[in-house]
Structure formats: structure tokens, C-alpha cells
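What follows is one structure encoded as C-alpha cells, with my remarks underneath.
Nothing in this text is a laboratory measurement; each read-out follows from the coordinates by a stated rule. Everything numeric in this text was worked out from a predicted model, so none of it was measured. Heads up, the Cβs are rebuilt from the backbone with ideal geometry, glycines too, and the neighbour counts pull from every protein chain shown.
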Amino acid sequence: MITKRAFLAAIAPLLAGCSRFEAAEPLPEADRLGVTYKGFDPRRLDREIIDPGQINAIIEFANARLDGWHYPIATMPAGDTHVFLCKGGNIVGYIGATAGVLLRYPTKGGLKFLRNATDEELKQFHDLLI
């Protein structure tokens with residue numbers, strides 16, 4: 001049987017990671033957005049956005065929420081809406097959404113960041129894509 005002390009020692013690093021929030025870097029400028037709703041493949045877009053005003057509104061939405069990002073403790077939500085920011089022929093940024101969270105890739109690479117999102121924030125995000 002595991003002792004209380006051993007149990008706490010085992011989960012302490014996980015609990016420490018739960019409370020570590022980081023700031024995300026601002027999304028860069030883009031000239032095109034690729035949107036997927038049925039998967040995470042930027043080569044199979046459901047929609048493409050080329051209107052500069054709409055592109056800037058989505059980037060401003062994301063850049064107004066640079067605080068409160070964290071790494072998932074266990075598994076990463078797949079997301080149901082993925083927005084790939086493109087400049088020229090390259091993907092230069094990403095923001096996504098799923099139930100209760102926004103998703104970002106840190107520019108340094110690695111796992112996706114999560115940020116809790118209110119229903120109003122998620123509605124606002126999806127409305128910007130229309």
C-alpha cells in the first residue's frame with residue numbers, strides 16, 4: 001500500500017504544473033487564413049479567409065488574450081475549429097477552439113497551449129469566422 005507521503009510526492013509535480021500559466025506570443029500578420037472544422041489538416045481546408053479586415057479581427061481577438069495559457073495535464077483536446085494563419089505559402093500561426101478552451105501552438109514549438117474560454121469568447125471567436 002502506498003503511503004500518504006509517497007502519494008503526495010508523486011503528484012506534487014503534476015499539481016505544480018496545473019497552476020503554471022504563461023503568456024502566449026502575439027500572433028503575427030497574415031494574408032490568408034485557412035479554417036478546418038472536421039480535422040486538423042491544413043491541406044484540407046473547409047474555408048479560406050482572404051478579407052484583410054476579417055483576418056485582422058481574428059488576430060486582434062487572439063492577441064487580446066495573451067495571458068492565462070497553460071499546457072494540458074493529461075491529454076490534449078483535439079479541437080473542433082482550427083484556424084491556420086498563412087503568409088505567402090507558409091503557416092505562421094495557429095489558433096483553435098473547442099468546448100471551453102482556446103488552443104494555440106507556442107512559437108517555440110512543443111505542445112499546444114490551452115486557455116479557458118467563456119461561452120461568450122467562443123461565440124465571439126466563431127462569429128469572427130463567418
Amide H partners (placed H, <5 Å) of Tyr94, local residues excluded: Leu85, Tyr105
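Average projected area of the Cα convex hull of the stretch 21-128, in nm²?
Working: hull surface 25.5 nm².
Computed as one quarter of the Cα hull surface, the answer is 6.4 nm².
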Loop-only check: which trypsin sites (Lys or Arg not before Pro) in the stretch 28-117 are DSSP coil with at most 10 other Cβ within 10 angstrom? Lys38, Arg43, Arg44, Lys108
